Each structure stands twice: as C-alpha cells, then as structure tokens.
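Participant: Handing you this structure, nothing more for now.
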Amino acid sequence: MTGPLQVGFIPLVDAAALIVAVDKGFAAAEGLDVALVREVSWSNVRDKLNIGLFDAAHLLAPVAIASSLGLGHVKVPIVAPFNLGFNRNSITVSPALHAAIMGEISGDRFDPMATALALARVVAARCKRGAEPLTFGMTFPFSTHNYQLRFWMAAGGVDPDEDVRMVVLPPPYMGDSLASGQIDGFCVGAPWNSIAVDRGVGHILHFVSDILVRAAEKVLAVRQSWSERNQPILAALIRAAFRAAEFIEQPENRAEAARILARPERIGVDAEIIQRTLDGRLKISPDGVMRESGRFRLADRQGAARPDPAQAAWLYAQMARWGQASISPEALKTAMAVFRPDLYDTALGLRGDTERPAPGSIGAFAGAPFDPADVAGYLASFKISRLKP
Amino acid sequence: MGAESSPKIVIVDESPIRAAILEEGLREAGFTGVVHISEMQSLLARIYALDPDVILIDLENPSRDVLEQMFQVSRAVRRPIAMFVDQSDAASIQASVDAGVSAYIVDGLKKERIKPILDLCISRFNAFAKLQAELDRAKSALEDRKVIDRAKGILMKLKGLTEDEAYVLLRSTAMREKKKIGEIAQSILTASELLK
C-alpha cells in the first residue's frame, strides 16, 4: 500500500463508527493510516469505490448489493464485512400531512399499520377531490429509505408507484423541500429528521424500527478483489470500527463522540442534535414531544455490526418486489454473499457461532415472515408489488 | 432525433463559469442544442420537460443522486436514460471521475456520438480546475502581500527601519528559518496582536 487508505463517507450519523475510529485513534492503534473523504452523493461514493479511488466506503447496503448484481450501473462485486447502521432512519411528514393522518387514524399513532391505513384514507380523499398526489422524498433508488417507505405505505394499501410520487432528494435538501411544499414527507437517516423537527417544518411519524425490527442500512464496503488482496488491512479496519462502535455505545462517551462527529469536516451539524440520535431519544414534533426507542440505536448491541446474509436477502427481495431486479436463485445467492460475517468473525477472532442473532430476524410489522429460502413465496404474499415477469 | 442532427445536451452545474466554459466548448465543436440548468429545485421536472439526449453533471453536485432515479422504471420517464458507462472502457470512467463530471445518455444513442462530447467535457472540466487553482494561487499571493506590508509597517515602527530594511529583515529571517516570507510576516502580526 502506498499512502493512507482512502475511505469515503456521506455526512450522516451512521458513519459514526468510521469517523470515530479515525478521529479517536482506533485506526491508528491498529496501525492504519486512514484519510476520510467526505462526499456529496451516493453515486460518487459508489463510482469512486468501483474504480478504486476509494479503498473502502460508508455505503448504502442496497447499493453494495446492486453493484454486485450490476443493477443500474457497472457490475463490480462488493463485499460488506461490517454493518455501520441499523434503524437510524425515520419517516418525517409535514405538519399538514401529520394533521391529516392523525385526523384519520384509529388506534395507536406509533402503530405503523394504523398510520398506513390512515395514509390510505388521506390519499383516497385527495384523489376524490382531484388534489395532486402526495410526494415522498428518499435518498436513493437503491436505499433502505426507499424500501421502508414503500413497505409501510403498501401495507396500508397505498401503491407507491401509482397513488403517490416517490422522488430522490439529497438529505440536506429534505427540510427545505418539506418547508416549501415540494414534498409532503420523507424517509432519511439522522440527523436530518431532527433538523426538520427543530425548524418546525416536520413531525417524525415513525422511527423505522417501528416498521422493521432490524434492517441493515449502511455497511462498510470494499471491492471483493481488494478484500482478497488486503486481508490484514481489512481485518484491522474492521477491528478499528468495532472498537469505535463499542466506544460510542458507552453512555459516558457519547458527548465526546457527538463533538467529534459535529466537526465541520465530518457531519457538520450541532453536537446536541447528533447526541439525541446517539442516545436514541428524539424530539418528534416542533412542540417538543420526545420519544425514546431502545431499538433506535443498535450501534453494536446484539452483534448488530455482524453482517447477516438474511438481511441481504431481504433487501434483494425488496429490489425484486419493486421491479429493480428479477427473481433468480443465482441473484439471491450473489446478494447474500455480499454480507460477509466470516470476514467479521476472522477480524475479531470470533468463532462463527458466538453471539449470533437469530437468522432472518427482520421482524416486519406486516406481511408473511421472511424466509431467505423462499423469496418468491414471500413476495407472492404481497398484494401490491411490481414483480418482473 | 435524426441520425445527423445535433443531440440535445443539458448541463447541470451550479457553477455558472464552469458551465459557460463547457457550453462554449460544445458550441465550438458544433453541438448547438445546449441548455444549462443551475437551479436544483424541481430538477427532474425540468429535465423531463427539456427531454435531452445527454445530461452532464458535475460531481460536486449532491443532485447527482436525483439523476440516478431516471434509471428506474417510472411512469414519468418517456425515454430510458442510462449512465454513460462501458464495462470495457474503464479509462474513460476514470478520466471523467478525475475531472469531476459524469454523463447520462438516452438509451440507444450511439457510443461514437457520445464519446467526443464526454472527451470535450473532461478537457473543459480539467481546464476549469486549472484556472481555479491559478486563481486560488493568485488570491493567496495577494493575501501574502497584504500580510507582508503590514508586518513591514510594524517592523518600521518598532525598530525604526526603512521599508527596504524591514523587507530585508523579513527575507533573511525567512531564509534562516527555512520558511516563507508570508509565514514570518504572519507570525509578526500574531505576536504584535498578542503583545497589544
């Protein structure tokens, strides 16, 4: 290797383990010299990783899978040996849409089925009076944000391709677009939901952990060929990220972690807002209502950093459900092979069978239980889908 | 689009100067249908309305992810769009990422027709980056001169030197310390600030 490792990231709280690994010295302690490169778009991160300008990157888990399958772009096999983010997304809606949903809801407002059914009634009423369809923002076509929004609304009977508009927006633009009425809601990672709430332009309707118990959102991604040539370096990087995740998980370290992440060249937003996410205690409406969720963080609790191929299978199933991928056993195998618990175990000196979460623990609030061995059967259980023939 | 007509090209760039440099280059090369979008609000709607054959976007633009949406099957898209990628042509992808530009084309547009557009784009983006670097150098040289002038003034006042003597003192100190004159001048300013 010549020069420092080039590692790309997008300014989001779920890059925390990588940023803290570098800025708090966990990477240096592993003998690594790492240059973190802040990027403005997932497309850039993907392209720079693909062509080798980056050695590793903070990447959307579905992009790692899409790249390995050659969907939407050049086919470059990627492997993900470490989960960086679980459950940090939220669905935020405008005050007007929030009021409309609350006006139609029957049941608990934190129950996603109740809100999805209420949304369906709001959508039907708008359609009846000839109003423009609602527009929802998400961050990338191959993103958990896209799939989580779709999963939620489709469960209530709203067809995401027919009944509403789905648009891609860069996370920093979400708040402005909500305020200007260009969109009515969005699904995005921290800290952008909290920023919209603080500005008084949005209400957090759901933590995505209401929708899915576990969903891998961001991964540490490297090219498969690179991982084969640089095993000791990759193992050191995994260990550094693991130590950093452990550090952040300790409540007494969170203020320091939030200060590191808040620096202008890292995430560049107020440390207090970042700490709310790290603590899993978020203000959900402009009037100051707080909500806490034990599921929200999962930085490294319950072995969350260990990649679970069942999660990759679930993400692939979403690509198939919404017409981005065809269903085939080969593609499923390729998708699952992107998540590499073996590399994680080797780096941390774990035996493969220790502290492993139950496989297939997606825990969605609706639909049949997910079984990676029967993706077609699982997908057939949904009324709304865009399966390719 | 007829086989021989000029393809319609949209440039998505928030930098008006760089967009102008690129647009001029494209026009000189005979590409007449060039439109520049600098406003990122409702980007997709504007692109759909213009219905271009080629879209060029700078890589510093977060809205690049918005364009990726065009690959998706959607009612809104009349013509499928693809990124200009060619598995066999890694060098041109590398060159365009290095230059900081990315191209999206309408599916079916021949590669021979897009290649000269992309090549031109890469060279103009590189030319702009060089210009920018020169401008930055010129700015910092100007900054240095201001700092040196102020440091000279302090030395003249404190040590009763002429302007020439003050400059010679700065220069010899810089040589002895193996630093730039600007850095020595800056430390004089900082010190005098502290001693005020």
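Participant: Which pairs in the list A:48/B:180; B:152/B:196; A:333/A:388; A:48/A:218; A:388/B:115; A:218/A:333 are over 26 Å apart, alpha-carbon to alpha-carbon?
Facilitator: Pairs exceeding the cut-off: A:48/B:180; A:388/B:115.
Participant: Just the number: Rg to Rh for region B:134-196, Cα atoms, Kirkwood Rh, two decimals.
Facilitator: Answer for region B:134-196: 0.99.
Participant: Suppose every Lys and Arg Cβ carries +1 and every Asp and Glu Cβ carries -1, with no other charges. What dipole size does region A:100-232 come out with about its Cα centre, to the nearest 20 debye?
Facilitator: Here the size comes out at about 180 debye.
Participant: Report the longest stretch of chain A that contains none of the GluC sites (Glu not before Pro) sitting in a DSSP loop with at most 16 other Cβ atoms within 10 Å.
Facilitator: Answer from the scan: A:1-161.
Participant: Continuing with this model, one more query. Quickly estimate the mean residue ellipticity at 222 nm for chain A, helices only: each DSSP H run with n ≥ 4 gives -39500 (n - 2.57), and the total goes over all residues, rounded to 500. Please report the intermediate quantities before stating the final value.
Facilitator: On the way: 17 runs with 162 residues, N = 389.
Roughly -12000 deg cm²/dmol at 222 nm, from the helical runs in chain A.
Participant: Next question. Out of A:153, A:191, A:201, whose Cα points farthest toward the positive end of the dipole of region A:89-210 (charges: +1 Lys, Arg; -1 Asp, Glu; placed on Cβ)?
Facilitator: Working it through, the farthest residue towards the positive pole turns out to be A:201.
Participant: Within region A:1-27, what residues put their amide N at less than 18 Å from the label point 7 Å along the Cα-to-Cβ vector of residue A:33?
Facilitator: A:1-8, A:22-27
Participant: Looking at chain B only, what percent of DSSP beta bridges run antiparallel? Nearest 5 please.
Facilitator: Looking only at bridges with both residues in chain B, the antiparallel portion is about 50 percent.
Participant: Here is a follow-up. Given labels modelled 7 Å from the Cα in the Cβ direction, how far is it in nm from residue A:382 to residue A:252?
Facilitator: That separation, rounded to one decimal, is 4.6 nm.
Participant: Using the crude model of +1 on Lys and Arg Cβ and -1 on Asp and Glu Cβ, and no other charge, please compute the dipole size for the protein assembly as shown relative to its Cα centre, in debye to 20.
Facilitator: Once rounded to the nearest 20, the dipole reads 260 debye.
Participant: Assuming R0 = 56 Å, can you tell me the calculated FRET efficiency for the pair residue A:350 and residue B:28, based on Cβ-Cβ distance, to the nearest 0.05?
Facilitator: About 0.35, to the nearest 0.05.
Participant: How many angstrom separate the Cα center of region B:1-48 from the Cα center of region A:153-193?
Facilitator: Cα centres, region B:1-48 to region A:153-193: 28 Å.
Participant: Do the sum for chain B: with -39,500 (n - 2.57) for every DSSP H run of n ≥ 4, divided by all residues, what is the mean residue ellipticity at 222 nm, to the nearest 500 deg cm²/dmol?
Facilitator: Working: 7 runs with 114 residues, N = 196.
For chain B, the value works out to -19500 deg cm²/dmol.
Participant: Also, I was wondering about something else. So which helices of chain B fit the span-like rule, where a helix is a whole DSSP H run, its Cα atoms reach 24 Å or more along the axis, and its mean Kyte-Doolittle is at least -1.0?
Facilitator: Long hydrophobic helices here: B:111-159.
Participant: Follow-up. Within chain B, which is the longest segment that contains none of the GluC sites (Glu not before Pro) sitting in a DSSP loop with at most 10 other Cβ atoms within 10 Å?
Facilitator: In short, B:40-196.
Participant: Next question, about the same structure. If you take the beta carbon distance between residue B:190 and residue A:106 as r and set R0 to 51 Å, what does 1/(1 + (r/R0)^6) give as a FRET efficiency, to the nearest 0.05?
Facilitator: 0.15
Participant: By DSSP, what percent of the beta bridges with both residues in chain A are antiparallel, rounded to the nearest 5?
Facilitator: Percent antiparallel among DSSP bridges in chain A is about 60.
Participant: Right, here's the next one. Less than 11 Å Cβ to Cβ from residue B:62, Lys/Arg counted +1 and Asp/Glu -1: what total charge do the surrounding residues give?
Facilitator: Residues close to residue B:62 contribute a combined charge of -4.
Participant: In region B:137-194, if the dipole is taken from +1 on Lys/Arg beta carbons and -1 on Asp/Glu beta carbons about the Cα centre, which of B:147, B:175, B:194 is farthest to the positive end?
Facilitator: B:175
Participant: Moving on to the next point. Expressed in nm to one decimal, what extension gain is obtained for the pair residue B:14 and residue B:164 from 0.36 nm per residue of sequence separation less their Cα-Cα distance?
Facilitator: Roughly 49.4 nm would be gained on extension.
Participant: Using alpha carbons only, how many angstrom separate the centre of region A:92-134 from the centre of region A:216-272?
Facilitator: What the calculation gives is 37 Å, centre to centre.
Participant: Shifting gears a bit: How much length, in nm to one decimal, is gained on full extension between residue A:365 and residue A:53, taken as 0.36 nm per residue of separation minus their Cα-Cα distance?
Facilitator: Values: separation 312, 0.36 × 312 = 112.32 nm, distance 4.02 nm.
Gain in length upon complete extension: 108.3 nm.
Participant: Just name one of B:52, B:105, B:133: the one whose Cα is farthest towards the positive end of the charge dipole of chain B (beta-carbon charges, Lys/Arg +1, Asp/Glu -1).
Facilitator: B:133
Participant: Let me see the P(r) profile for region A:123-198: every Cα-Cα distance counted, bins of 10 Å, each bin given as a percent of all pairs.
Facilitator: 19, 51, 28, 2
Participant: Which FRET efficiency value, to the nearest 0.05, is calculated for residue B:178 and residue A:265 with the Förster distance at 25 angstrom and r the Cβ-Cβ distance?
Facilitator: Computed FRET efficiency for residue B:178 and residue A:265: 0.30.
Participant: Here's something else I'd like to know. Over its Cα atoms, what ratio of radius of gyration to 2.2 N^0.38 Å does the protein assembly as shown give? Intermediate results must be reported in sequence, preceding the final value.
Facilitator: Numbers: Rg = 26.4 Å, N = 585, 2.2 N^0.38 = 24.8 Å.
Normalised Rg, Cα atoms only: 1.07.
Participant: Please identify the DSSP H helices in chain A that span no less than 15 Å along the helix axis (Cα) and have a mean Kyte-Doolittle hydropathy of 0.0 or more.
Facilitator: Passing helices, by number: A:112-128, A:231-249.
Laboratory data are not the source of any read-out in this text; all were calculated from the coordinates shown. Since the model is a prediction, treat every value here as computed from it, not as a measurement. Cβ sites come from the backbone with ideal geometry, for glycine too, and all protein chains shown count toward neighbours.
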